[in-house]
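Asks: Before I ask anything, here is the structure I am working with.
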Amino acid sequence: MNTAFRWYGPNDRVPLAWLRQMTPRPLVVTHLPHVAPGEEWTVADLRVLRAQLDAQGLSLGPVESVFWTDAMKLGWAARDRHIENYRRTLRNLREVFPDAGEIIVTYNIMPLDWGRTDLGKLHPNGTRSLAYDHAELEKLDLSQGLFLPGWGRRYSAEEFAALQAEYAALGEDGVWANIGYVLDALVPVCEENNIRLAAHPNDPPWSYLGLPALLCDADGIRRLLALNPSRANALCFCTGSLGALPENDIPAMIREFADRIAWMHIRSVKTTGHKQFHEADHADPEANVDLLGVMQTLMEIGWDGVFRSDHGLDLFFETNLGTHGYPAIDRYAANKLLWGYWQALTRAGVGAVRPVETPALCEA
């Protein structure tokens, strides 16, 4: 397995030079933040990214994300143009990173994006985290428009009402049909270029604000994977997103979908009420997901891919200066914890996957 770390580009308060200090040295999970969804990631822009990584002796990890636009999900007039730009982006990624092995491109089919109602829930020990309370969300006055914490986009009242109406008119079957159309257009390019598309589950794993939630459980995952049987049609398996739904059996789902898991987001949440949760410490034994058990399951099935810790707790009020929900300190600590689980399980003889050679702590 390989660890990875999310980097938000040159404006991230965590510079690439810091990722170079981490042990094990992570693959870099990133994107081109200045390119709007639906537009092409050009060879020139990707070469700039390549030069930034090469300067620090770092390698590209899963790309997160090349977003699907509303036009792609809803079948609007701009759909085919956005698909063609996406196909160019996939080819450009391979051109600039010919030595990257299998490239993973993450996306989601959520009508909006991840949803939270609190970016800084205070915990008894003084740490903070993202949190979600469905009852609070349902109280929103949509006549004032919509902007949830952590989003980069605001919707006017008219824009959001139109979005709700479009999804209602299509129905879930119509949305699934559009998803299949896009996959059929993208998968051949992925197969030609050793790329996997990795769909991220709904976060939270249920419908809210009158919009559909399609990828919340095993049934939704089965339906997505059945749309196109190619290995390129794959998953970004997020234990936290799926773990927020108590009835999801995470180890059983990992075993069922093992061959279609392109990479892993490994985190947990803690349920505090009906459709109410907050991000949990990765080592919390009372959290919804047993992360040691997750690592053991991955090793027992011989899965040997890329993982990164996700979200985590805001220690020392770090994210006053950074990206909410992505504290650097706890994400690195969690990567080390998970990597330690992996090494300990390997030495205990669990599974067939052997750890990579440990990089030198002071490697130049």
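All of the numbers you see were taken from the coordinates with simple rules; none came from a lab. All values derive from a computational prediction rather than experimental measurement. Quick reminder, even Gly has a Cβ in these numbers, built from the backbone with ideal geometry, and neighbours come from all protein chains shown.
Asks: Taking a ≥ b ≥ c as the square roots of the Cα gyration tensor eigenvalues, with a/c under 1.5 meaning rounded and otherwise prolate when a/b beats b/c, else oblate, which class fits the range 72-120?
Replies: oblate
Asks: As a test, work out the antiparallel percent of DSSP beta bridges whose residues both lie in the chain, rounded to the nearest 5.
Replies: The antiparallel proportion sits near 35 percent.
Asks: Let me ask another. For the chain, set up a Gaussian network in which alpha carbons nearer than 10 Å are linked by springs, and say which option among Leu170, Leu338, Leu16 fluctuates the most.
Replies: Largest GNM mean-square fluctuation: Leu170.
Asks: Run the numbers on the range 203-299 and let me know its relative contact order in percent, using alpha-carbon pairs under 8 Å that are six or more apart.
Replies: The normalised contact order for the range 203-299 reaches 24 percent.
Asks: From the square roots a ≥ b ≥ c of the eigenvalues of the alpha-carbon gyration tensor of the range 108-210, which class results: rounded (a/c under 1.5), prolate (a/b over b/c), or oblate?
Replies: In terms of gyration-tensor shape, oblate.
Asks: Distance in nm between label sites at Ala77 and Ala168, each 7 Å beyond Cα in the beta-carbon direction?
Replies: 2.4
Asks: Using 0.36 nm per residue, how much length does the chain from Lys336 to Ala17 gain when fully extended, once their Cα-Cα distance is taken away?
Replies: My answer for the length gained is 113.0 nm.
Asks: Normalising by the residue count of the range 2-347, find the relative contact order in percent from Cα pairs under 8 Å and 6+ residues apart.
Replies: Rounded, it is 17 percent for the range 2-347.
Asks: Moving on. Within the range 25-61, whose backbone N sits under 18 Å from a point 7 Å along Cα→Cβ of Asn194?
Replies: Only 27-28, 59-61 pass the distance filter.
Asks: Report ³J(HN,Hα) in whole Hz for each residue of the range 228-233, in order, from the Karplus equation J = 6.51 cos²θ - 1.76 cosθ + 1.60 where θ = phi - 60°; Gly and Pro get x.
Replies: 3J(HN,Hα) across the range 228-233, in whole Hz: 8, x, 5, 4, 5, 8.
Asks: Can you put Leu186, Leu46, Leu235 in order of Cβ neighbours within 10 angstrom, beginning with the fewest?
Replies: In order of increasing Cβ crowding within 10 Å: Leu46, Leu235, Leu186.
Asks: Rounding to the nearest 20 debye, state how big the charge dipole of the range 80-149 is about its Cα centre with +1 on each Lys and Arg Cβ and -1 on each Asp and Glu Cβ.
Replies: Dipole size: approximately 180 debye.
Asks: Per 0.36 nm of contour for each residue apart, how much would the distance between Leu140 and Asp99 grow if the chain were fully extended, relative to their Cα-Cα spacing?
Replies: Once the chain is fully extended between Leu140 and Asp99, it gains 9.9 nm.
Asks: Something else about it: Which of Glu279, Glu172 comes first, and how do the rest follow, when ranked by fewest Cβ neighbours within 10 Å?
Replies: The most exposed by this proxy come first: Glu172, Glu279.
Asks: Within 10 Å of each residue's Cβ, count the other Cβ atoms and sort His282, His82 from fewest upward.
Replies: His82, His282
Asks: Under 5 Å between amide H atoms, partner at least 5 residues away or on a different chain: which partners does Trp41 have, H built in plane at 1.01 Å?
Replies: Thr89
Asks: Right, another one. Run the simple label-point estimate for Arg154 and Arg91 please: 7 Å along Cα→C-beta, distance reported in nm.
Replies: Result for the modelled spin labels: 3.9 nm.
Asks: Please report how far the C-alpha centroid of the range 193-207 lies from that of the range 233-307, rounded to the nearest whole angstrom.
Replies: One Cα centre to the other: 14 Å.
Asks: Moving to a separate point now. Looking at the chain, do any whole DSSP H helices span at least 15 angstrom along their long axis by alpha carbon and average 0.0 or above on Kyte-Doolittle, and which?
Replies: Helix filter hits for the chain: 43-55, 157-192.
Asks: Placing +1 on the Cβ of each Lys and Arg and -1 on the Cβ of each Asp and Glu in the chain, which of Cys238, Cys216, Thr117 has its Cα farthest towards the positive end of the resulting dipole?
Replies: Checked the options; the winner is Cys238.
Asks: Rounded, prolate or oblate, given the Cα gyration tensor of the range 1-160, with a/c below 1.5 counting as rounded?
Replies: It comes out oblate by the Cα gyration axes.
Asks: Now for a different question. Treating only the Cβ atoms of Lys and Arg (+1) and Asp and Glu (-1) as charged, compute the dipole magnitude of the chain about its Cα centre; round to the nearest 20 debye.
Replies: Here the size comes out at about 740 debye.
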